[in-house]
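Notes to accompany the following structure.
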Amino acid sequence: MSDAMRHTDTVQTPLVDAFGRVHDYLRISLTERCNLRCTYCMPPEGVVLSPKERIMRGYEIVDIAKIFTELGIKKIRLTGGEPLVRKNLERILRGLAALPVTLSLTTNGVLLDRYLELLKELGIRYLNISLDHLHRERFYKTTLRDQFERVMRNIAHVEADPFFRVKINVVLIKGVNDDEIVDFVRWTEDRDIDVRFIEFMPFAGNGWDGSKVVGYYQVLERVLEAFGRDRVEVLDKEAHATATNFKIKGFRGRFGIIATVTKPFCGDCNRLRLTANGHIRNCLFAREEIDILTPYRKGLDIRPFIHMAVQAKHAQWGGWDKERFYTQSAQHNRSMILIGG
Ligand code: SAM
Ligand code: SF4
């Protein structure tokens, strides 16, 4: 570590990387475990979980998150694995809700009914819920669990409650659910929700190859064909937004496309990730991680380590060029379930 990094004035400064990108958004993975087995996320043979003692404890998550807020983090999204299967979740949520951040959650929705009152009490209104199919059998084929009805019930519940702001994440895979694009867009006709189509991304053990990606223009083409060019409206893009958003004229909800593969938005990235075992990943496709849990447990100041992680961030796709991104990045990455999407 350089002397500059040791200097306390430096470590108090905001998290600006070598490309001038200010990082004010942290995604924290609460667990490596999940109650679904989505084939694009969890390899069929499963994953090797970190030893229990290497997983951040509840109070460590809250304390580390507090340090991030002192460095300018304003938004924290909780993810996993499935964040709602985390033990002592209530205590963690209460601790995080007391920090000066907007707190949000990405979940598969299975256990949402258990936490709705708590989420409301703590003011956690931004929910991203994953749903890749509108049919029970297809849902089962992708998630390997028979939870479609419960998820749909929970979605209907939060969607009907004006407190919650709901986004539905749909990972598109060619030949698996690209024929459901139009049905998902129709779903926004009388629902005030956002459906976001996410391009399938390469991670260890998820069988990715470029031909399975349903790209940005392919999604748009299907929608234009079904609804007509005149009815598809492009919406203004918010700063740092990952999705390009659209609306069908006259529909209540919106749909968006997150085109990480075919139209990367890295130039505007403001995110960092903290894995459940306490490593910072400065990019989903990063090859290196920085362990901050070990120095934290030794009582060291972790701010210089956080700055190092930010400084090491590459301009795009964790430093992979296009050819190697397509051919090699998956083998060098962790599985998504271990990263925290
Ligand atoms: N279990 C929660 C859920 O499914 O929403 C949170 C964790 S999950 C890893 C976070 C997000 O990553 C989900 O929306 C999921 O669909 C997405 N995801 C997982 N694997 C992906 C992949 N290979 N490509 C694109 N998105 C992926
Ligand atoms: Fe679990 Fe979410 Fe991964 Fe599906 S995408 S296996 S729900 S962590």
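Any read-out appearing in this document is the output of simple, stated calculations on the displayed coordinates, not a laboratory observation. What you see is a predicted model, and the numbers here were worked out from it, not measured in a lab. Because the Cβ atoms are built from the backbone with ideal geometry, glycine has one as well, and the counts that use them run over all protein chains shown.
Side notes on the structure shown:
- Sequence-distant lysines (8 or more away, or on other chains) whose Cα lies within less than 29 Å of K322: K174, K212, K237, K263, K313
- Efficiency of FRET from Cβ geometry, E137 and H240, R₀ 51 Å, rounded to 0.05: 0.85
- Seen from K120, the other residues with C-beta closer than 14 Å to its C-beta sum to a net charge of -1, counting Lys and Arg as +1 and Asp and Glu as -1.
- Amide H contacts of V171 (H built 1.01 Å from N, in plane; Pro and chain starts excluded): L131, I198 sit under 5 Å, all sequence-distant by 5 or more or on other chains.
- Unit charges at the beta carbon, dipole of the chain: most positive-side option, P264, I124, L99: L99
- Of L293, L122, L71, the one that fluctuates the most in a GNM where the chain has Cα springs shorter than 10 Å: L122
- Within the chain, the ratio Rg/Rh, alpha carbon atoms throughout and Rh by Kirkwood, equals 0.95.
- Taking a straight Cα-Cα cut-off under 16 Å and skipping sequence neighbours fewer than 8 places away in the same chain, the lysines within cross-link reach of K52 are K87.
- Magnitude of the charge dipole for the range 255-341, about its Cα centre and with charges confined to Cβ atoms of Lys, Arg (+1) and Asp, Glu (-1), is about 120 debye.
- Cysteines (scope the chain) whose Cβ has no counterpart Cys Cβ under 4.7 Å: C34, C266, C269, C283
- Calculated FRET efficiency, I67 to N35, Cβ-Cβ distance, R0 = 30 Å: about 0.50 to the nearest 0.05.
- Within a Gaussian network of the chain (alpha carbon springs, distance under 10 Å), most fluctuating of L96, L84, L118: L118
- Stretched out straight at 0.36 nm per residue, the stretch from V22 to Y59 would grow longer than its current Cα-Cα span by 10.6 nm.
- Cα-based reach from K74 at 14 Å (exclusive), listing aspartates and glutamates while leaving out same-chain residues under 8 positions away: D24
- Radius 14 Å from Cβ of R150, net charge of other residues (Lys, Arg +1; Asp, Glu -1): 0
- Degrees separating the helix 112-121 axis from the principal Cα axis of the chain, which is the longest one: 60
- Top of L111, L127, L49 by mean-square fluctuation, Gaussian network on the chain, Cα under 10 Å: L49
- Placing a pseudo-label 7 Å from each Cα along the Cα-to-Cβ vector at E288 and V48 gives an inter-label distance of 2.2 nm.
- Dipole in debye (nearest 20) - the chain, about Cα centre, beta carbon charges: Lys, Arg +1; Asp, Glu -1: 480
- Shown in residue order for the range 220-234 are the 3J(HN,Hα) couplings computed by the Karplus curve 6.51 cos²θ - 1.76 cosθ + 1.60 at θ = phi - 60°: 4, 4, 4, 6, 4, 4, 6, 10, x, 3, 5, 8, 9, 10, 8 Hz (x for Gly and Pro).
- Neighbour cut-off at most 11 other Cβ (10 Å), DSSP loop, trypsin sites (Lys or Arg not before Pro), the range 261-301: K298
- Nitroxide proxy distance, nm - points 7 Å out along Cα→Cβ at D301 and L122: 3.0
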